[in-house]
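Okay, so here's the structure we're looking at.
The values are calculated or read from the model by the stated rules, or taken from the named source; none is laboratory data. Everything numeric in this text was worked out from a predicted model, so none of it was measured. Cβ sites come from the backbone with ideal geometry, for glycine too, and all protein chains shown count toward neighbours. Note: areas computed on protein heavy atoms with side chains; ligands, DNA, RNA excluded. Shrake-Rupley method; radii C 1.70, N 1.55, O 1.52, S 1.80 Å.
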Amino acid sequence: MSIAPLVVVVSGPSGVGKDALLERMKRLTRPWHFIITATTRPRRPGEQDSVDYIFMKPSAFQDLLARDGFLEHAEVYVRCYGVPRDQVEEALHAGKDVIVKTDVQGARTIRNKIPDALLVFLAPPDLQELEQRLRDRKSETAEDLQRRIETARMEMQRQPEFDHVVVNHNGRLDEAVATIENIIDDEKRKRA
């Protein structure tokens, strides 16, 4: 009996380490498809188009949105982000589990559209550490940094909406990856 592929949503506040976690998960060579999010924000140094994000002009993003091309989308920090619907559908059709990185609002939207999606909240050990991680990135203006910190505080309160909470401790990324890998394996066994 074959088990239907899962849609696994990894979410959490900005600066918690979602990108680092997903990069490490990709090394596991599991039959997972990692969704590449579309965004209108400018590329940061070292980022590659169609690898880190699909970088789009606002007009192209709006065109795709008008064609119902996103499973979910949101405006975050004055930039648009979206999960391309075709990537999700193609991976599921191919029998692959789909790993989606999105913000907390996006996780809720996906849960409404795909009720059996598995939602994982990646949390920092505490808010002070998260604030320090955001400051250390030095990629935002002081105003943007404060906005991200305030948003993170609100997002932390939404953890009960998720199926699992995984704490990403500094220097222990492999533990968080192994925990999520086990969560996915357990969920597939339950659904078998």
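If I model a spin label as a point 7 Å beyond the Cα along the Cα-Cβ vector, how far apart are those points for Glu143 and Ile183 in nm?
3.5
Efficiency by 1/(1 + (r/R0)^6): what FRET value for Ser59 and Leu173, r their Cβ-Cβ distance, R0 = 41 Å, to the nearest 0.05?
Rounded to the nearest 0.05, the efficiency is 0.65.
Rolling a 1.4 angstrom probe over the protein chains, ignoring ligands and nucleic acids, what is the accessible area of Leu22 in square angstrom, nearest 10?
That residue has around 20 Å² of solvent-accessible surface.
Once a ≥ b ≥ c are taken as the square roots of the eigenvalues of the Cα gyration tensor of the chain, is the result rounded (a/c under 1.5), prolate (a/b larger than b/c) or oblate (a/b not larger than b/c)?
Verdict is oblate for the chain.
Provide the per residue accessible area, probe 1.4 Å, for the chain, rounded to a whole number of square angstrom.
53
How much length would be gained if the chain were fully extended between Arg41 and Ala4, taking 0.36 nm per residue of separation minus their Cα-Cα distance, in nm to one decimal?
9.9 nm
Can you bin the range 30-131 into rounded, prolate or oblate? Criterion: square roots of the alpha carbon gyration tensor eigenvalues sorted a ≥ b ≥ c, rounded for a/c under 1.5, prolate for a/b above b/c, oblate for the rest.
Rounded is the answer for the range 30-131, as its axis ratio a/c remains below 1.5.
When Lys and Arg each count +1 and Asp and Glu each count -1, what net charge do the other residues less than 12 Å away from Asp126, Cβ to Cβ, add up to?
It works out to a net charge of 0.
Looking at the range 1-74, which GluC sites (Glu not before Pro) are in a loop (DSSP not H, G, I, E or B) and have at most 14 other Cβ atoms within 10 Å? Kindly include the intermediate steps, with their values, before the conclusion.
Values: sites: Glu23, Glu47, Glu72; in loops: Glu47.
Hits after loop and neighbour filter: Glu47.
Ranked highest first by the average count of other Cβ atoms within 10 Å around their residues, in what order do 91-97, 169-175 fall?
Order by mean packing, descending: 91-97, 169-175.
Under 15 Å from a label point 7 Å along Cα→Cβ of Asp19: give me every residue in the range 101-143 with its amide N that close.
Those under the cut-off are 101-103, 133-141.
Keeping to pairs on different chains or 8 or more places apart, tell me how many lysine pairs in the chain have Cα atoms under 14 Å apart.
5
How many nm is it between the label spots at Val78 and Lys26, if each spot is 7 Å from the Cα in line with the beta carbon?
A separation of 2.9 nm, rounded to one decimal place.
Which of Gly106, Ala152, Trp32 sits farthest toward the positive end of the charge dipole of the chain, with +1 on the Cβ of Lys and Arg and -1 on the Cβ of Asp and Glu?
Toward the positive end, the furthest listed residue is Trp32.
Whole angstrom only: what separates the Cα centroid of the range 164-185 from the Cα centroid of the range 95-111?
17
Label the range 133-175 by shape, choosing from rounded, prolate and oblate, from the square roots a ≥ b ≥ c of the eigenvalues of the Cα gyration tensor; if a/c is under 1.5 it is rounded, and otherwise prolate applies when a/b is larger than b/c, oblate when it is not.
oblate
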